[in-house]
Amino acid sequence: MTHTPSKTELDLGWPSLLEQLASRCHTLRGAALARDIKPLDSFQAAHRRQAEIAEARRLQDRGEPLSFGGIYDVQTALGRSAKGGVLDPDELVEMGSTLLTATRLRRHILARVADLPNLVPLASDLAELPEVTGPISDAFDEQRKLKDSASPALGGLRSRVNHLLA
């Protein structure tokens, strides 16, 4: 899926620009997507992208930056889950964190609708999935360990094991 740059793109230093952009991405998937960006095909598209970037910069300048911390590359886990596969605790926690970060980004932007008319449509596409994030957050602690309260039986079982080992 890698884009081969044209002579014009090479003359403009496009690959170098994309490499710089990729170095600022938070995930490997984001970096790969950044390296594969093609120039926009119309003035209108370029103008719209410029307006989106200007809005994000204004947020940054006002001390209200878009925070992407907590986003993980969950593509592989999503694919396995879609096929009925089981996710390990780390994958579940990363999925929950990514969804919570998307929710925070969405709310951050939608709370500033008047100031961010170009970013609002992008944020509106982000789904809030509390039915997914809630159970994940409730089940795991900060060390990504399953909490005793994750299920009614788990706490009792752990207590019995600890009692037997004592």
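Would you list the P(r) distribution for the range 1-96, with all Cα-Cα distances sorted into 10 Å bins from 0 and each bin expressed as a whole %?
13, 30, 33, 20, 4
Calculate, in whole percent, how much of the Cα-Cα pair population of the range 11-166 lies beyond 24 Å.
Considering the range 11-166, 51 percent of its Cα-Cα pairs are separated by more than 24 Å.
Given contacts defined as C-alpha pairs under 8 Å and at least six residues apart, what's the relative contact order of the range 49-166, whole-number percent?
Relative contact order for the range 49-166 comes out at 22 percent.
Can you send over the carbon and sulfur percentage of the accessible area for the chain, probe radius 1.4 Å, protein chains only?
On the way: 6770 of 11680 Å².
Of all accessible area on the chain, carbon and sulfur atoms account for 58 percent.
Which is the longest run of the chain containing none of the GluC sites (Glu not before Pro) found in DSSP loop states (not H, G, I, E, B) with at most 14 other C-beta atoms within 10 Å?
Values: sites that count: E128, E142.
Answer - 1-127.
Say the dipole of the range 22-166 comes from +1 at the beta carbon of Lys and Arg and -1 at that of Asp and Glu; which of S97, A34, I109 then lies farthest toward its positive end?
Highest projection toward the positive end goes to A34.
Where does helix 14-23 land angle-wise versus the long Cα axis of the chain, in degrees 0 to 90, nearest 10?
Compared with the principal axis, the helix lies near 20 degrees.
Please check: in the Gaussian network model of the chain (C-alpha springs, under 10 Å), which one of L105, L12, L146 has the largest mean-square fluctuation.
Result: L12 has the largest fluctuation of those listed.
Over the range 3-60, with the other protein chains present, what is the accessible area per residue in square angstrom, probe 1.4 angstrom? Intermediate values should be presented prior to the final figure.
Values: 4370 Å² over 58 residues.
It amounts to 75 Å² per residue over the range 3-60.
Say each of K38 and D90 gets a label point 7 Å from the Cα, pointing the same way as Cα to Cβ; how far apart are those two points in nm?
Each label point lies 7 Å from its Cα, and together they span 3.6 nm.
Using only the C-alpha atoms of the range 42-116, find the volume of their convex hull and express it per residue in Å³. Before the final figure, lay out the partial values.
Numbers: hull volume 8.9 nm³, N = 75.
So the per-residue Cα hull volume is 119 Å³.
Can you give the FRET efficiency for K145 and S81, using 1/(1 + (r/R0)^6), R0 = 22 Å, r = Cβ-Cβ distance, to the nearest 0.05?
Details: r = 21 Å, r/R0 = 0.95.
Efficiency for this residue pair is about 0.55.
How large is the accessible surface of D148 in square angstrom, using a 1.4 angstrom probe and rounding to the nearest 10?
Ignoring ligands and nucleic acids, D148 comes out at about 80 Å².
Relative to the longest principal axis of the chain, what angle (0 to 90°, nearest 10) does the C-alpha long axis of helix 130-139 take?
Once rounded, the angle reads 50 degrees.
Could you pull out the longest piece of the chain with no exposed loop trypsin sites (Lys or Arg not before Pro) in it, calling a site exposed if DSSP puts it outside H, G, I, E, B and it has at most 10 other Cβ atoms within 10 Å?
84-166
Where does the charge balance sit around G79 when Lys and Arg score +1, Asp and Glu -1, over other residues with C-beta under 13 Å from its C-beta? Walk me through the intermediate numbers first.
Values: positive: R29, R80, K83; negative: D73, E91.
Net of charged neighbours comes to +1.
The values are calculated or read from the model by the stated rules, or taken from the named source; none is laboratory data. If you're wondering where the values come from, they're calculated on a predicted model, not measured in any experiment. Cβ sites come from the backbone with ideal geometry, for glycine too, and all protein chains shown count toward neighbours. Keep in mind that these areas ignore ligands, DNA and RNA; they rest on the heavy atoms of the full protein, side chains included. Shrake-Rupley method; radii C 1.70, N 1.55, O 1.52, S 1.80 Å.
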